[in-house]
1. Would you mind finding the one in 187, 213 that is buried (at least 21 other Cβ atoms within 10 Å of the Cβ) and closer than 30 Å to residue 45 by Cα?
2. Determine which single condition residue 201 fails, assuming it passes every other condition in (1) in a loop (DSSP other than H, G, I, E, B); (2) surrounded by fewer than 20 Cβ atoms within 10 Å (Cβ to Cβ); (3) among the β-branched types (Val, Ile, Thr).
3. Can you pull out every residue in region 73-89 that is surrounded by fewer than 16 Cβ atoms within 10 Å (Cβ to Cβ) and among the polar types (S, T, N, Q)?
4. Please go through (1) at pLDDT 95 or above; (2) farther than 21 Å from residue 147 by Cβ; (3) part of a loop (DSSP other than H, G, I, E, B) for residue 1 and return the number of the only condition it doesn't satisfy.
5. Name the residues in region 128-164 that are in contact (Cβ under 8 Å) with a residue 60 or more places away in the chain, under 24 Å from residue 104 (Cα atoms) and outside any loop (DSSP other than H, G, I, E, B), would you?
6. Within region 224-238, does at least one residue satisfy the condition of being modelled with pLDDT of 95 or more, over 16 Å from the mean Cα position of the chain (by Cα) and not in a loop (DSSP other than H, G, I, E, B)?
7. Quick check on region 61-92: of everything there that is among the aromatic types (Phe, Trp, Tyr) and closer than 18 Å to residue 112 by Cβ, which residue is farthest from the chain's Cα centre (by Cα)?
8. Just checking, how many residues over region 44-101 are closer than 23 Å to residue 241 by Cβ and among the hydrophobic types (A, V, I, L, M, F, W, C)?
Amino acid sequence: MAEQRILLDAESFSFEGNSIGCLVVHGFTSTPQSVRYWGEYLARAGGLTIVAPRLTGHGTTPADMARSTAEDWIRSVEGALEILRRRCDKFFCAGLGMGGTLSLYLAAVHPETITGVVAINGVVFLNHPDFARLAFMADAPDTVPGFASDIKRAGSQERAYSVVPVPTIRQLYALLGTTRDLLPRVICPVQLFQSRQDHVVPPDNGPYILEHIRAKTKELIWLENSYHVATLDNDAEYIAQTTLAFIHKHEE
């Protein structure tokens, strides 16, 4: 797929480190900018090897994203995981929003590879009938207003599209439904963060995911001072520190 010029600060990023690898994944309509602090902290404070891909169709134009599919997004993270395979011995996945969904998906389909998952406001259902109605609407508009920068902290901005390309809505629902059914195959340790106030993802996703994964080691941590894009919000440092502690605990 030919893509347009990449937006400022929206590029993929990576950091060379030790033999512990961590895939860091952004969310739907967003970019690696939203998880850069998270990835930089894990590299700087933990010495981890980090790969943070830009999902296909993201970080350029909404028209690019309109041509992308759930399979494209999966291939983006699988390609990033393959980069880590060539450099590391252990592999963690960490994602925000749909990035958390993709991290859980990878853990379910690659249980022999993924050592642990950290998901922030991960999503497997939306409970949004008006949004769902657009998925197969014959005369749907090309785009609808987006939900970027759902952030409590004043002055913090997410580099993301201001609109949602409507063709991607059915792709999103396909990914969410598939991952929801795959949750029982997630057996690695899982750390979930869930914002009490999230204007994008229903907070009930956290408890649902916790209940349906079959990991013996799993925890749900509620965030009281951040909205959906918690990696750019008031709890960003706490999330980064707690993520690193989780990885250190399970890297052996």
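The values are calculated or read from the model by the stated rules, or taken from the named source; none is laboratory data. In this text the structure is predicted, and so the values were computed from the model without any measurement. We place every Cβ from the backbone using ideal geometry, glycine too, and count neighbours over all the protein chains shown.
1. Details: 187 fails: buried (at least 21 other Cβ atoms within 10 Å of the Cβ).
Checking each option against the conditions leaves just 213.
2. Tallying (1) in a loop (DSSP other than H, G, I, E, B); (2) surrounded by fewer than 20 Cβ atoms within 10 Å (Cβ to Cβ); (3) among the β-branched types (Val, Ile, Thr), residue 201 fails exactly one: (2).
3. None; the set is empty.
4. Evaluating residue 1 over (1) at pLDDT 95 or above; (2) farther than 21 Å from residue 147 by Cβ; (3) part of a loop (DSSP other than H, G, I, E, B) leaves (1) as the failure.
5. 164
6. yes
7. So the first thing to find is which residues in region 61-92 are among the aromatic types (Phe, Trp, Tyr), and the list is 73, 91-92.
Now narrow it down to the ones that are closer than 18 Å to residue 112 by Cβ: 91-92.
Details: 91: 16, 92: 13 Å.
Result: 91.
8. First, pick out the residues of region 44-101 that are closer than 23 Å to residue 241 by Cβ: 44-52, 84, 88, 90-97, 99-100.
Next, from what is left, pick out any that are among the hydrophobic types (A, V, I, L, M, F, W, C): 45, 48, 50-52, 84, 88, 91-94, 96.
Total meeting the criteria: 12.
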